[in-house]
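The values are calculated or read from the model by the stated rules, or taken from the named source; none is laboratory data. Quick caveat, the model's predicted, so the values are computed rather than measured. Methodologically, a virtual Cβ is constructed for each residue, glycine included, from the backbone with ideal geometry; neighbour enumeration extends over all protein chains shown.
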Amino acid sequence: MGSYISNTAQQRQAMLKTIGLTRLDELYADVPDSVRIQSGLKLKEGLGELEVSRQIRSMANKNVIYESCFRGAGAYRHYIPAAVKSIVSKEEFVTAYTPYQAEISQGILQSIFEYQTMIAELTGMDAANASVYDGATAAAEAVALCQERKKRVALISSCVHPQVIETIRTYCFGNGMEIRLIEEKEGVTDLEQLQEALGPEVACVLLQQPNFYGNLEDVAQIEPAIHAQQAKLIISCNPIALALMKAPGELKADIAVGEGQPLGLSLSFGGPYLGFMAVKEKLMRKLPGRIVGQTRDSQGRIAYVLTLQAREQHIRREKASSNICSNEAHCALTAAVYLAMMGKSGLQECAHQCHSKAAYLRKELEKIGYLPVHARPYFHEFVTSCPQDVQSVLQRLAQQGILGGLPISDNRILWCVTELISKEEMDRLITILKEGKA
Amino acid sequence: MTLFEKSQPGCGNQLLASLDVPTVELESAFVRQSEWTLPAMAEADLSRHYTELAEKTHGVNNGFYPLGSCTMKYNPKINEALAALPGFTEIHPLQPLESVQGCLEVLYKAEQALCEITGMDAMSFQPAAGAHGEFTGLLLIKAYHQSRQDHKRTKILVPDSAHGTNPASASMAGFTIVNIPSNDEGCVDLEALRAAADEETAGLMLTNPNTVGLFDRNILEITKIVHEAGGLNYYDGANLNAIMGIVRPGEMGFDVIHLNLHKTFSTPHGGGGPGSGPVGCKDFLIPFLPNPHAVVLEEEYSWEESLHSIGRVRAFYGNFLVVVKALAYILTLGKEGIPEAAANAVLNANYMLTKLKDLYPPAYDGLCMHEFVLSLEKLKKEKGVSAMDIAKSLLDYGIHPPTMYFPLIVPEALMVEPTETESKQTLDEAVEAFRTIYATAISEPEQLHAAPQSTVIGRPDEVQAARSPIVRWRPEHQ
């Protein structure tokens, strides 16, 4: 129906005349006739806005929105302050391109500079980039960044999110690095096995904190051994947990990465999300993607620009540190607005509530026979046994508008509790589980 | 002033409910000891801060944005509204299949439509951006050759006019790059291609229309040369806007393709992202697509996993909400609207080119596609006015400059892509601005070195920024 074109038929004709043509199809003289689409696309005719809206809404309505969500595993439902959505939907932020022209992009550039600062603060690192696609690609880029001519092995903990491991595998299929998985032992990385696996060929070690099972890894214990082999330590972390938990910088990580979705982004069936990435100063020039820097303009005023571009694909082509061009800038803006709205004390409160509520649910579940599988310190996720058939338990919850924890085997469930879940909702969950047992 | 200078310790916002369960502290060995900070701001001040930043940002809604190769068309509001439906935004990516049928329907329908437009047989939405799509597509090519035990195919042919992402992606996928020179007409040099294509060729990456805005009329010959050498043809979809609904890459001999939904299919760029770079391919490459892939099984949508897949290229299923926006756009345009948008993008570009070419020589003669490249080599030589000077002068007219100094094969290049959603009036005003600037370049060239004059900052010192990088706020730098 519409194609958002402003010009009328007469204007188009006048423009054609200016060019010296009479028909639109003359513009395609260079396209071989043999491949021109002759009888039109096999698509429906265009629709008016109302009809498009009806069709897409009907798709949205086929999805189930659960009232209570006890599922995390890499995507977390947190409270998103109203101001966040309002601020980030300003048209200028939504419709701008990458800020190549600094003079008319100071707003976007400054917002990214502020985001980089907040990520550096949160992770305890020196420098952050302007974002990568998601937490999984951030980890994959971090691993790739560590390769050197004689160091081509990456040690990856099995307690890292499985989809992150799969993504790293795919990237390594490209760059030829070798992945060695370190096994899980009692819910955390088997540090003895990790220690044995360390050698001069190891480029990096990737640990996740808290790990996929929600447990906290004893990073401090293994860090000296990693660095003794001149391997880099990469920690993939939950950004909200960092308000409470020892930061990667404190744990002497060389690179901190993670999924930024908890910072004000909705679940959105998995994307758009936000890969954050921060490094110690000595690795700054190896970071992939955009970085905003502060400088001065011709009159000495503070100005922000895309900087260290000699790393990037449009300058270095095949020698670039990564091919990344478009990133997740708008998600980074969202994270920055979220962090500024929450403030340090708000984020600490959020993390504290997540942990306290998870502890409450863990205890209540234990009382009804859903026993904790691991006896490790945790943040807001944990694994329990399931005394009954997992699928029927989860179905029963679903019928009551509850998305239960993620089944990770026939008799184990990975639960997640955030500040959004009230005690009432947890008690209701327990009641439904108990009823099913009787 | 940044948020950090505006921060007032003690300020904050009341956002969460009070804790309704007993307080539990994290085990002390894991508790953060190191100092850190975030801005402490009241909502009112924060809101104004970002309004101020928005005012210092030029988006498509602020004015003309003819940034070549980026297809900065208007971003329809209905797409935003539909992508914000709670039925999409509140859906956890690991929900049971029966509770996400609508999401899979979006992916499936978008795939069907985009396959029809591109002539491909299947598509994956996992890649989050164009470059991510290139990387994914190249891994398909790699997996295909390996599956045939054809291990010597380690080279990817890339024209010298290609986007920088092409060689960078090929390098990340573990290939070596062979540069193919362009001929005098800005297109692929067939003889050079024939000489380069051999039993080590894994594939060719090509943009058509190419980055100088020309449709390579030898396209069928080009793809044939590569196929005959045993390689595959990769289509960089960055420039699809010129030809959607007119010709299908799949019918030009391409085997694998990525699209930029954030260019061709009107989804906004968000200041650099999120984009979406779906990868499409022909039948014989489907087994290698990333896992999982949305399919219809017995009238229900389901995920399918292939044993031969290259694996995941990110977590979950890609930038899903971007796909919702693109689907809304495709439904709106439909079968007639899609070629109409393409033809008008080409019309707008040729109109501008016609009205500029007496002053600004195009890099190559003839009709252009959706964009054209001007070379300011002569002006630079004679008056010392560079492509940069012209670009910066346009800022004073409220126009976002064209892409500068790209493609690399054109000296002092300005690459102009008006898109179809710009009115004749906007184009006329832009032409007027270009012509006025040209007149100044002839009469008072020094004036242009000082441009822009009306923006919130003048030209920034980029050399200083890179030499002593300040990439985070610190009080001592203010």
| said: Condition first: under 29 Å from B:Leu157 (Cα atoms), in a loop (DSSP other than H, G, I, E, B) and facing another protein chain (nearest Cβ under 7 Å). Now tell me which residues in the range A:294-321 satisfy that. | reply: A:Leu308, A:Ala320
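Assess whether A:Ile104 counts as being free of Cβ contacts under 8 Å to residues at least 40 places away in the same chain, within 7 Å of chain B (Cβ to nearest Cβ) and among the β-branched types (Val, Ile, Thr).
Working: free of Cβ contacts under 8 Å to residues at least 40 places away in the same chain: yes; within 7 Å of chain B (Cβ to nearest Cβ): yes; among the β-branched types (Val, Ile, Thr): yes.
Yes; evaluated as a whole, the condition is true for this residue.
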| remark: Per the filter on the range B:441-457, residues more than 7 Å from chain A (Cβ to nearest Cβ) and among the polar types (S, T, N, Q) are B:Ser443, B:Gln447, B:Gln453, B:Ser454
| request: Tell me, please, whether a residue that is more than 11 Å from every other protein chain (Cβ to nearest Cβ), outside any helix (DSSP H, G or I) and under 18 Å from the mean Cα position of the chain (by Cα) can be found in the range A:176-190. | output: no
| said: What's the total number of residues in the range B:352-376 that are more than 24 Å from A:Val31 (Cα to Cα) and either in a strand (DSSP E or B) or under 24 Å from the mean Cα position of the chain (by Cα) (or both)? | reply: 1
| Here is a list of conditions, (1) surrounded by fewer than 18 Cβ atoms within 10 Å (Cβ to Cβ); (2) at the interface with another protein chain (Cβ under 7 Å from one of its Cβ atoms), and B:Glu52 meets all of them except one; can you say which number that is? | (2)
| field | Which numbered condition B:Asp45 misses (of (1) within 33 Å of the chain's Cα centre (by Cα); (2) under 18 Å from A:Val88 (Cα atoms)) | value | (1)
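Kindly evaluate A:Arg285 against the criterion of being at the interface with chain B (Cβ under 7 Å from one of its Cβ atoms) and out of contact with any Ser or Thr (no Cβ under 6 Å at 6 or more places or on another chain).
No: the conditions fail for A:Arg285.
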| said: Scan the range B:272-294 and tell me whether some residue there is of a type in the set (Asp, Glu), modelled with pLDDT of 95 or more, in contact with a Gly (Cβ under 9 Å, 6 or more places away or on another chain) and assigned by TED's automatic domain parsing to the domain that holds B:Glu116. | reply: no
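Could you list, in sequence order, all residues of the range B:364-388 that are crowded, with 16+ Cβ neighbours inside 10 Å, touching a residue at least 24 places away in the same chain (Cβ under 8 Å), within 14 Å of chain A (Cβ to nearest Cβ) and not hydroxyl-bearing (Ser, Thr, Tyr)?
From the range B:364-388, those crowded, with 16+ Cβ neighbours inside 10 Å are B:364, B:367-377, B:379-380, B:383, B:385-388; that's our starting set.
Among the residues that remain, those that are also touching a residue at least 24 places away in the same chain (Cβ under 8 Å) are: B:364, B:368-377, B:379-380, B:383, B:385-387.
Next, only the ones that are within 14 Å of chain A (Cβ to nearest Cβ) stay: B:364, B:368-372, B:387.
If the condition is that a residue be crowded, with 16+ Cβ neighbours inside 10 Å, touching a residue at least 24 places away in the same chain (Cβ under 8 Å), within 14 Å of chain A (Cβ to nearest Cβ) and not hydroxyl-bearing (Ser, Thr, Tyr), then B:Cys368, B:Met369, B:His370, B:Glu371, B:Phe372, B:Ala387 are the ones that fit.
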| message | I'm trying to understand the selection: among the residues of the range B:24-40, which are within 7 Å of chain A (Cβ to nearest Cβ), assigned to a loop (DSSP other than H, G, I, E, B) and either surrounded by fewer than 23 Cβ atoms within 10 Å (Cβ to Cβ) or touching a residue at least 40 places away in the same chain (Cβ under 8 Å) (or both)? | response | B:Val24, B:Leu26, B:Glu27, B:Arg32, B:Gln33, B:Ser34, B:Trp36, B:Thr37, B:Ala40
| Given (1) more than 7 Å from chain B (Cβ to nearest Cβ); (2) buried (at least 24 other Cβ atoms within 10 Å of the Cβ), where does A:Cys331 come up short, assuming only one miss? | (1)
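Which of the residues spanning the range A:191-212 are in a loop (DSSP other than H, G, I, E, B), farther than 18 Å from A:Val143 by Cα and touching an Asp or Glu at 6+ places or on another chain (Cβ under 7 Å)?
Within the range A:191-212, the first condition is being in a loop (DSSP other than H, G, I, E, B), and the residues that meet it are A:198-201, A:210-212.
Going one step further and asking which of them are farther than 18 Å from A:Val143 by Cα, we end up with A:210, A:212.
The answer is A:Pro210, and nothing else.
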| message | If I filter the range A:372-383 for residues that are over 22 Å from B:Phe30 (Cα atoms), without any contact (Cβ under 8 Å) to a residue 24 or more places away in the chain and either touching a Leu at 6+ places or on another chain (Cβ under 8 Å) or crowded, with 16+ Cβ neighbours inside 10 Å (or both), do I get at least one hit? | response | no
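Residue check: is A:Leu397 under 30 Å from A:Met118 (Cβ atoms) and out of contact with any His (no Cβ under 9 Å at 6 or more places or on another chain)?
no
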| said: Just to check your reading of the model, which residue among B:Leu67, B:Leu138 is buried (at least 23 other Cβ atoms within 10 Å of the Cβ), more than 7 Å from every other protein chain (Cβ to nearest Cβ), in contact with a strand residue (DSSP E or B) (Cβ under 8 Å, 6 or more places away or on another chain) and not small (Gly, Ala, Ser)? | reply: B:Leu138
| message | Take A:Ala358 and tell me if it is among the hydrophobic types (A, V, I, L, M, F, W, C), in contact with a strand residue (DSSP E or B) (Cβ under 8 Å, 6 or more places away or on another chain), outside any helix (DSSP H, G or I) and modelled with pLDDT of 95 or more. | response | no
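Given the criterion basic (Lys, Arg), over 30 Å from B:Gly458 (Cα atoms) and under 40 Å from the mean Cα position of the chain (by Cα), identify the matching residue among A:Lys17, A:Lys90, A:Lys42.
Working: A:Lys17 fails: under 40 Å from the mean Cα position of the chain (by Cα); A:Lys90 fails: over 30 Å from B:Gly458 (Cα atoms).
That would be A:Lys42, the only listed residue that is basic (Lys, Arg), over 30 Å from B:Gly458 (Cα atoms) and under 40 Å from the mean Cα position of the chain (by Cα).
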| field | Candidate set: the range B:458-478, residues that are touching a strand residue (DSSP E or B) at 6+ places or on another chain (Cβ under 9 Å) and outside any loop (DSSP other than H, G, I, E, B); chosen: the one farthest from the other protein chains (Cβ to nearest Cβ) | value | B:Val463
| request: Check the range B:77-88 and report whether any residue there is over 30 Å from B:Ala162 (Cβ atoms), in contact with a Leu (Cβ under 7 Å, 6 or more places away or on another chain) and facing chain A (nearest Cβ under 7 Å). | output: yes
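In this structure, is A:Ala60 facing chain B (nearest Cβ under 7 Å), under 37 Å from the mean Cα position of the chain (by Cα), over 25 Å from B:Ile330 (Cβ atoms) and part of a helix (DSSP H, G or I)? Let's see the steps before the verdict.
Details: facing chain B (nearest Cβ under 7 Å): yes; under 37 Å from the mean Cα position of the chain (by Cα): yes; over 25 Å from B:Ile330 (Cβ atoms): no; part of a helix (DSSP H, G or I): yes.
For A:Ala60, the condition - facing chain B (nearest Cβ under 7 Å), under 37 Å from the mean Cα position of the chain (by Cα), over 25 Å from B:Ile330 (Cβ atoms) and part of a helix (DSSP H, G or I) - is not met.
So, in the range A:63-75, of the ones that are over 19 Å from B:Ala83 (Cα atoms) and more than 7 Å from chain B (Cβ to nearest Cβ), which residue ends up surrounded by the fewest Cβ atoms within 10 Å (Cβ to Cβ)? Outline the logic, then answer.
Of the residues in the range A:63-75, the ones over 19 Å from B:Ala83 (Cα atoms) are A:67-74.
Then keep just the ones that are more than 7 Å from chain B (Cβ to nearest Cβ); that gives A:67-68, A:70, A:72.
Details: A:Glu67: 11, A:Ser68: 20, A:Phe70: 26, A:Gly72: 25.
Of everything passing the filter in the range A:63-75, A:Glu67 is surrounded by the fewest Cβ atoms within 10 Å (Cβ to Cβ).
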| task | With the condition kept exactly as written, say whether any residue in the range B:341-363 is closer than 30 Å to A:Tyr273 by Cβ, at the interface with chain A (Cβ under 9 Å from one of its Cβ atoms) and small (Gly, Ala, Ser). | result | yes
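Quick one: in the range A:1-48, of everything that is touching a residue at least 40 places away in the same chain (Cβ under 8 Å) and buried (at least 18 other Cβ atoms within 10 Å of the Cβ), which residue is nearest to B:Asn344 (Cα to Cα)?
Checking each candidate, the answer is A:Ser3.
Restricting to strands (runs of 3 or more DSSP E) lying wholly in the range B:261-331: which have 1 or more residues that are surrounded by fewer than 24 Cβ atoms within 10 Å (Cβ to Cβ) and either away from chain A (no Cβ under 11 Å) or under 21 Å from the mean Cα position of the chain (by Cα) (or both)?
Working: elements: B:279-281, B:293-297, B:300-304.
Result: B:293-297, B:300-304.
Does A:Leu406 satisfy the criteria of being free of Cβ contacts under 8 Å to residues at least 24 places away in the same chain and surrounded by 15 or more Cβ atoms within 10 Å (Cβ to Cβ)? Spell out the reasoning first.
Numbers: free of Cβ contacts under 8 Å to residues at least 24 places away in the same chain: no; surrounded by 15 or more Cβ atoms within 10 Å (Cβ to Cβ): yes.
It is false that A:Leu406 is free of Cβ contacts under 8 Å to residues at least 24 places away in the same chain and surrounded by 15 or more Cβ atoms within 10 Å (Cβ to Cβ).
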